[in-house]
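Enquirer: I am attaching a structure below and will ask some questions about it afterwards.
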Amino acid sequence: MVRDHGFHPVRIKRIVQETADTRTYVLDAPFPYRAGQFLTVRACGALRSYSMSSSPDTDSELMTTVKRVPGGLVSNWMHDHLSPGDLIETTSPAGVFCLREGTAPLLALCGGSGVTPILSLVKTALATTGRRVRVLAANRDAGSVIFGDTLSELAERHAGRFEIRHHLDDRQGLVTAPEIREFVAGDLDADFYLCGPAPFMTLAEDTLLGQGVGAGQLVAERFTVPEPTVAAEAVAETGAGTVTVVLAGKRRTVDQHPRESLLESARRAGLMPPFSCEMGNCGTCIARLTEGEAKMRVNNALDDDEVAEGWVLTCQSEPVTPHVTVEYES
């Protein structure tokens, strides 16, 4: 497996003010990418991942959209200091929040800036398939709707195939389970794409599963770390077990520590494995399990085939068996 995890200087061609606190950065970046993927930006001594709002199937330019976050180190810096012509450092595109093959309808539920990768997916689905596409987009108020004009234009151009439904909290209150069930209606066989704040995601997932949608029909984009798995907790409680790490011809074994990732175990063993975002997004820290099992808290970088082959994101993986061996690529 060969992946490009380096950072590249990328020039900003222009900046589009989407809302008062959201900007789209049009980049002079010749990266190949898939709809729904993201870039990881290195700035201010930190790493942050931002989804593409462009589609490789409909847009000639690569665009990533960034919402200002109160107290956000990188997002505030980008909004306050970047201008057209400036250079930023980014990884190549990564992520697995991508369009699945098939003919089933595509239903997306998104909150706030979660519409960013959804827009990318919608553009590609409409341009390359005959699937019906419907989106429920929740926002605080009309002024915070991102890509409102673009989504309306797509609805007009693809009348009968694409529907955008806006929910505004200041008029309707927060999104509710009955609203989600009404939105889904008879499309229980659809592929569902979810992206938004954690409470919104939890409500959407619980409602869809309770409505009879299969877990395999849900594709979710997460940038938060969920609670450790029950299996990981069981191993942690015993205090037993070892982690063996193989890197650059060196083999080190350490005791397992509760809640410690394989990457942290490798560092504690005195090794210096590759890493970047430590959020489960970029894939820099990948390694292969050759003994035992580990569960990933977050996986926004590896596809199902890679996971089946034993590859894991070591920054997100906790052992769930007493003995685990992980080998990094040479």
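The values are calculated or read from the model by the stated rules, or taken from the named source; none is laboratory data. The model shown is predicted, which means the values in this text are computed figures rather than measured ones. All Cβ positions, even for glycine, are placed from backbone atoms using ideal geometry, and neighbour counts span all protein chains on display.
Enquirer: For Ala204, state whether it is under 25 Å from Lys123 (Cβ atoms), touching a Pro at 6+ places or on another chain (Cβ under 7 Å) and in contact (Cβ under 8 Å) with a residue 12 or more places away in the chain.
Expert: Against the criterion (under 25 Å from Lys123 (Cβ atoms), touching a Pro at 6+ places or on another chain (Cβ under 7 Å) and in contact (Cβ under 8 Å) with a residue 12 or more places away in the chain), Ala204 does not qualify.
Enquirer: Here's another thing I want to ask about it. Which of the residues that make up region 262-294 are surrounded by 23 or more Cβ atoms within 10 Å (Cβ to Cβ) and either part of a loop (DSSP other than H, G, I, E, B) or of a type in the set (Gly, Ala, Ser) (or both)?
Expert: If the condition is that a residue be surrounded by 23 or more Cβ atoms within 10 Å (Cβ to Cβ) and either part of a loop (DSSP other than H, G, I, E, B) or of a type in the set (Gly, Ala, Ser) (or both), then Ser265, Ala266, Cys277, Gly280, Asn281, Cys282, Gly283, Thr284, Cys285, Ala287, Ala294 are the ones that fit.
Enquirer: Now for a separate question. Being among the basic types (Lys, Arg) and either more than 26 Å from Thr124 (Cβ to Cβ) or surrounded by fewer than 17 Cβ atoms within 10 Å (Cβ to Cβ) (or both) is the filter here, so list the residues in region 51-80 that pass it.
Expert: The one that is among the basic types (Lys, Arg) and either more than 26 Å from Thr124 (Cβ to Cβ) or surrounded by fewer than 17 Cβ atoms within 10 Å (Cβ to Cβ) (or both): Arg68.
Enquirer: Answer yes or no: is there a residue in region 116-131 that is under 27 Å from Gly45 (Cα atoms) and touching a residue at least 60 places away in the same chain (Cβ under 8 Å).
Expert: Scanning region 116-131 turns up at least one residue that is under 27 Å from Gly45 (Cα atoms) and touching a residue at least 60 places away in the same chain (Cβ under 8 Å).
Enquirer: Moving to a separate point now. Of the residues Asp141, Asp86, which is in contact with a helix residue (DSSP H, G or I) (Cβ under 6 Å, 6 or more places away or on another chain) and surrounded by fewer than 24 Cβ atoms within 10 Å (Cβ to Cβ)?
Expert: None of the other options fit; the residue is Asp141.
Enquirer: Name the one entry in Leu82, Leu39 that is among the aliphatic types (A, V, I, L, M) and modelled with pLDDT of 95 or more.
Expert: Leu82
Enquirer: Something else now. Mind checking whether some residue in region 18-25 is under 30 Å from Glu309 (Cα atoms) and either in a loop (DSSP other than H, G, I, E, B) or assigned by TED's automatic domain parsing to the domain that holds Gly280 (or both)?
Expert: no
Enquirer: Suppose we filter Val96, Val115 for residues that are within 14 Å of the chain's Cα centre (by Cα) and either modelled with pLDDT of 95 or more or not in a loop (DSSP other than H, G, I, E, B) (or both); which single one remains?
Expert: Val115
Enquirer: Exactly one of these conditions fails for Arg251: (1) exposed (fewer than 15 other Cβ atoms within 10 Å of the Cβ); (2) under 25 Å from Gly45 (Cβ atoms). Give me its number.
Expert: Status for Arg251: all satisfied but (2).
Enquirer: Turning to a different aspect of this structure: Within the bounds of region 68-83, is there any residue that is touching a helix residue (DSSP H, G or I) at 6+ places or on another chain (Cβ under 9 Å), without any contact (Cβ under 8 Å) to a residue 60 or more places away in the chain and closer than 23 Å to Leu151 by Cα?
Expert: There is at least one residue in region 68-83 that is touching a helix residue (DSSP H, G or I) at 6+ places or on another chain (Cβ under 9 Å), without any contact (Cβ under 8 Å) to a residue 60 or more places away in the chain and closer than 23 Å to Leu151 by Cα.
Enquirer: Counting just the residues of region 300-329 that are part of a loop (DSSP other than H, G, I, E, B) and touching a strand residue (DSSP E or B) at 6+ places or on another chain (Cβ under 6 Å), which one comes out surrounded by the fewest Cβ atoms within 10 Å (Cβ to Cβ)?
Expert: In this case the residue turns out to be Gly310.
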